[in-house]
Amino acid sequence: MLAALLLWLWWSDVPVGKAGSGKRTGRRSAVAGGSASGSMGIGSRGEADRSGVGQVRGRIVDSDGMPVTDGRVILHCLPRGGSHSFPIDAGVVEVGEEGQFVGPGCRGLVCAEFRHTHLLPREPWVFEPNQSEQMVTARPLERIVGTVVDVEGQPVAGARLMVRRGSDDDPTALPPFTTSTTTSDAEGGFGFARVERPPCDPCGEASGRCEVGDAAEVPAYNALVLVARAPGFRSVERAVELGQEDWQVTLLPPLPALRGTVRDAEGRAYPRARVLARSHVRGYEVHQAVVKDGSFALAELGEGGYDLRVLQDGVTLATANEVDAGTEVTLVGDRPAEGPTLVIEVVRRDGGDGVAGALVDGGPFAGARTDADGRVQAEDVAPGRYALVIRAPGSGTQRREIEVAAGAGEAGGAIVHRVDIVYDAP
C-alpha cells in the first residue's frame, strides 16, 4: 500500500518535496509532451517507424509511352501531419521488364525517387498505399551532342571521348554530366547527358531538400576540354562550353611513331618488358607498347613530349623524359635481362599434394595456372621482391611475397629458384 501511495504521489501534481518535485516535473512533462504534440515519447516512435505498411504499385513509361525496362526506385514516406520524410525499410526496388515495380507503403504519402542513367521523373511521383497500379512518366535528361569526323569530314565510329574541367575557376562547381566518357556511334555521333535535379515532391519539400525557386540545373563548371581518341588517329582536344551548339571534333592523322630499343647493360633483350608513354603536357594521355626482341614502337602520338617508363614484372627498368613522336631512343635497363627460372609450387597444407588449376598473378605471372603437379614457372626473372596473388577452386585468396636475390641464377637461367607456397585447398 505504501509503495502504491508513493507511486501515485510521484505521478500526480501533489509535490513530495523539493527534490521529488524536480524529478516529477521532468518525467511528467516528457510523457505529456509526447502525448500532446507527437514529437516525443510514443508519438515520436510512431513517426520514426520506417517499416512498410501496405504496398504501392507503379509502372514507368517514357515520353513515347513505352515501358522503361531498367532503373531503381527508392521509396520515401511522409507521415500524415509529419514535418519530415524518411526512406521506407525495404523500399529500394528494381524496375521490371515491363516497367513495373511493387514496394512497401506507409501511413501517409509515398514519394518515389528514380535512379537511372539518362531518365528523370517528368513530374513528382507520389503514391498512396493499397491503390491500383499507377502509371508514371520518365523523361530523358538534356543532352549535349556532337560528332567525330576525320580530316575529310567522314564520320569516325568507335572514338573514345572524354570531358575534363577547363579554365573555370568556381571551386564549388560540379561536373555537368552523368558520366565523363562516351563512345561515338556508327555515324560518328556522341552525346553527354546533363545532370539535372528531379522535380520536387512533397517528401523533399517537407525535409528541406528542394531548392528555392525553379532552378532545375545543378551548378556546374561551364568551361570544358573535350578529348577524342580513336585507333589510327592521334589524340585531339578542344575547348568547349555548355552553351556551345557545335561540338564537332576533327581527328588528325598520327605523327610518326616513337621507336626505340630496350636492353640491359650487356645488350640482352628483356623477355617480358613493356613501355608506358605518358604525355608530358596531357597527363591523362597514356600509351603502351610491348617490347619484342628488344624493340618497341609507340604509334598514335600527339604533339609534345612523352615521359617513358620501361617495366617488367612490375619493376621499373629504365626511364626517359620528354621524348617527341618520330624520335628513336635507346633505353638501357638497370637490371640484368637474364636471371633464374622462378618456380611456384602450390600444394595442399594436408599432405603436400600439388593443386592443379590454381591461378597465379603478380610479378612475372599474369593469369598463369598451375599444371597437374601444382607448378607454374617463369624464366629470366630479374632480382627483386614480388607480390603474388594465388586463387584455387574452393579455397580463399592467398597472398605471398617472394624475393629473387641478385646473383641467384646463372646466365641463361640454369639455376631454378623454387618457392613453396602452402595452400589450404579442400
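The values are calculated or read from the model by the stated rules, or taken from the named source; none is laboratory data. Everything numeric here is computed off the predicted structure, so don't read it as measured data. Here the Cβ positions follow ideal geometry from the backbone for every residue, glycine too, while neighbour counts run over all protein chains shown. The accessibility values were calculated without ligands, DNA or RNA, using every heavy atom of the protein model including side chains. Shrake-Rupley method; radii C 1.70, N 1.55, O 1.52, S 1.80 Å.
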* Would you be able to say whether some residue in the range 207-215 is in a loop (DSSP other than H, G, I, E, B) and in contact (Cβ under 8 Å) with a residue 60 or more places away in the chain? => yes
* Asked: Within the range 129-155, how many residues turn out to be at negative phi and over 28 Å from the mean Cα position of the chain (by Cα)?
  -> 14
* Asked: Any residue in the range 150-167 that is open to solvent by 30 Å² or more (accessible area, probe 1.4 Å) and hydroxyl-bearing (Ser, Thr, Tyr)?
  -> yes
* Asked: On the given criteria, is residue 270 open to solvent by less than 70 Å² (accessible area, probe 1.4 Å) and either more than 30 Å from residue 189 (Cα to Cα) or free of Cβ contacts under 8 Å to residues at least 12 places away in the same chain (or both)?
  -> yes
* Tally time: how many residues in the range 159-182 are farther than 20 Å from residue 283 by Cβ and in contact with a strand residue (DSSP E or B) (Cβ under 6 Å, 6 or more places away or on another chain)? -> 7
* Neighbours by Cβ (under 9 Å, 6+ apart or cross-chain): first from the range 383-408, in a loop (DSSP other than H, G, I, E, B); second aromatic (Phe, Trp, Tyr) and at pLDDT 80 or above -> none
* **Single condition residue 300 does not satisfy, out of (1) in contact (Cβ under 8 Å) with a residue 60 or more places away in the chain; (2) over 30 Å from residue 159 (Cβ atoms); (3) open to solvent by 20 Å² or more (accessible area, probe 1.4 Å)** => (2)
* To do: Tally the residues that are surrounded by 15 or more Cβ atoms within 10 Å (Cβ to Cβ) and either touching a residue at least 24 places away in the same chain (Cβ under 8 Å) or touching a helix residue (DSSP H, G or I) at 6+ places or on another chain (Cβ under 7 Å) (or both), restricting the search to the range 179-194.
  => 8
* Asked: Taking the range 179-204 as the search range and keeping residues that are within 27 Å of residue 77 (Cα to Cα) and part of a loop (DSSP other than H, G, I, E, B), which one is nearest to the chain's Cα centre (by Cα)?
  -> 195
* Could you please give the count of residues in the range 244-258 that are touching a strand residue (DSSP E or B) at 6+ places or on another chain (Cβ under 6 Å) and buried (at least 16 other Cβ atoms within 10 Å of the Cβ)? => 6
* **Residues that are surrounded by 16 or more Cβ atoms within 10 Å (Cβ to Cβ) and charged (D, E, K, R), drawn from the range 319-336** => 335
* Look through 378, 356 and report the one residue that is open to solvent by 30 Å² or more (accessible area, probe 1.4 Å) and at pLDDT 85 or above. => 356
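When the residues of the range 30-50 are narrowed to those that are more than 31 Å from the chain's Cα centre (by Cα) and in a loop (DSSP other than H, G, I, E, B), which ends up modelled with the highest pLDDT? First the steps, then the outcome.
Taking the range 30-50 and keeping what is more than 31 Å from the chain's Cα centre (by Cα), we get 30-49.
Restricting the remaining residues to those that are in a loop (DSSP other than H, G, I, E, B) gives 38-40, 48-49.
Numbers: 38: 35, 39: 33, 40: 32, 48: 49, 49: 58.
For the range 30-50, the residue satisfying everything is 49.
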* Structure fact -> Restricting attention to the range 95-111, the residues that are in contact with an Asp or Glu (Cβ under 8 Å, 6 or more places away or on another chain) and assigned to a strand (DSSP E or B) number exactly 6
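Let me confirm something: among 139, 143, 122, 107, which residue is more than 30 Å from residue 189 (Cα to Cα), touching a Lys or Arg at 6+ places or on another chain (Cβ under 9 Å), open to solvent by 20 Å² or more (accessible area, probe 1.4 Å) and among the basic types (Lys, Arg)? Write out each step before concluding.
Values: 139 fails: more than 30 Å from residue 189 (Cα to Cα); 143 fails: more than 30 Å from residue 189 (Cα to Cα); 122 fails: more than 30 Å from residue 189 (Cα to Cα).
Answer to the check: 107.
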